[in-house]
Each structure stands twice: as structure tokens, then as C-alpha cells.
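J.: Sharing a structure here in C-alpha cells format.
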């Protein structure tokens, strides 16, 4: 039986796969340092405000789900006859 080799067909408009070459650890660290210098870090005030907004949204979400859970629990109790409507 003849050996058959698979050929990858690149469709029109598709990009060819990129061949990545391995780098040394020192070159990798150098590139990481270079990229880190491009990062714009937030100020302390921006970090504080963002943290507070996250806590506020978590609190609102907790309240929302607590109310929904209570309403569903009450509805379930009505369905199984454990409570009366009034």
C-alpha cells in the first residue's frame, strides 16, 4: 500500500497557520519586560472606585436574588399547600 501524506488545504480568505519558534528564557523575560512597560496602570483612585463599584454591585445582586428566592419559596409553599394566600 502506498504511503499517503495529508496536505492541509487553506481555504480562500483563511489565514495560513503561524509557525511559532521557540525562544530562550532570557529572550522571553526581555519581551515580558518590554510589554510590561507598555501597560497603563490605573491610579490608586481608579482602583479604589472600581473596587467600591464591584462591592456595591455584589450587594445589589445579593439583595435581588434574596428577594427572588423568597418569592419563589413563598410560591412553592402555596403550591404544596403549606401556606395560605392570606
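Bear in mind these aren't lab numbers, they're just calculated from the coordinates by the rules spelled out. Small disclaimer: the values here were computed from a predicted structure and weren't measured. Counting neighbours? That spans all protein chains shown, and the Cβs are built from the backbone with ideal geometry, glycine included.
J.: Taking the number of other C-beta atoms within 10 Å as the exposure measure, put 22, 33, 83 in order starting with the fewest.
T.: Ordered from fewest to most neighbouring Cβ atoms within 10 Å, 22, 33, 83 come out as 22, 33, 83.
J.: Rounded to whole Å, give me the distance from the Cα center of the stretch 17-45 to that of the stretch 50-84.
T.: 44 Å
J.: Another question about this same structure. Take 78, 85 and order them by how many other Cβ atoms sit within 10 Å, fewest up front.
T.: By the 10 Å Cβ count, ascending, the order reads 85, 78.
J.: Can you give me the distance in nm between label points at residue 31 and residue 56, each placed 7 Å from the Cα along the Cα-to-Cβ direction?
T.: 4.2 nm
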